[in-house]
1. Name the single residue that is farthest from the chain's Cα centre (by Cα) among those in segment 1-36 being among the β-branched types (Val, Ile, Thr) and surrounded by 10 or more Cβ atoms within 10 Å (Cβ to Cβ).
2. Does Ala101 count as over 42 Å from the mean Cα position of the chain (by Cα), part of a helix (DSSP H, G or I), at pLDDT below 85 and surrounded by fewer than 10 Cβ atoms within 10 Å (Cβ to Cβ)?
Amino acid sequence: MDETNINWVLAIACLLAGIGIGALGYHLLNASAGNTQRLRQRLAERERELAEFKDGMGDSIERIARLAESLHRESQGLEQEAEEARDRLGARSLRRQAMDAVSPDTATTTTEPAVPRDYADGNRGTLSEDFGLKSGDEAAAPQPPRY
């Protein structure tokens, strides 16, 4: 073959190789850009979900506060009703007054409970002042030497 034809074939081969290498490089670099785009989209979705969650929590806390306030109001109303009922029903009936006058009052005659002790009758306990102290005879006995 002619030398000029070889130059043309070599130029075309280099051109095709360059196009192939360029396409491969574009594909590899574009793949990481696609991953980056997907990550950005996932991040935006997570941020939106977090904002919705925060809004939901704020609404929930407000609803809980309203419920607590209404519960407080209702408990105050119940307390007032209980006081009124106690005032109306608290007066002792004549029959109950007569029964109390006839029967002896056993509920008011109670004895004070005994003070708790740390020992049984006749024995000294661990909280007594002389617990663990030896008598004079035992203290005079010689002690073995300590090494």
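1. Taking segment 1-36 first, the residues among the β-branched types (Val, Ile, Thr) are 4, 6, 9, 12, 19, 21, 36.
Checking which are surrounded by 10 or more Cβ atoms within 10 Å (Cβ to Cβ) leaves us with 6, 9, 12, 19, 21, 36.
Numbers: Ile6: 82, Val9: 78, Ile12: 74, Ile19: 63, Ile21: 60, Thr36: 39 Å.
In this case the residue turns out to be Ile6.
2. On the way: over 42 Å from the mean Cα position of the chain (by Cα): yes; part of a helix (DSSP H, G or I): yes; at pLDDT below 85: yes; surrounded by fewer than 10 Cβ atoms within 10 Å (Cβ to Cβ): yes.
When the stated conditions are applied, Ala101 passes them.
The values are calculated or read from the model by the stated rules, or taken from the named source; none is laboratory data. Nothing here was measured: the structure is a model prediction, and the numbers come from that model. Positions of Cβ are generated from backbone atoms using ideal geometry, with glycine treated the same way; all protein chains shown enter the neighbour counts.
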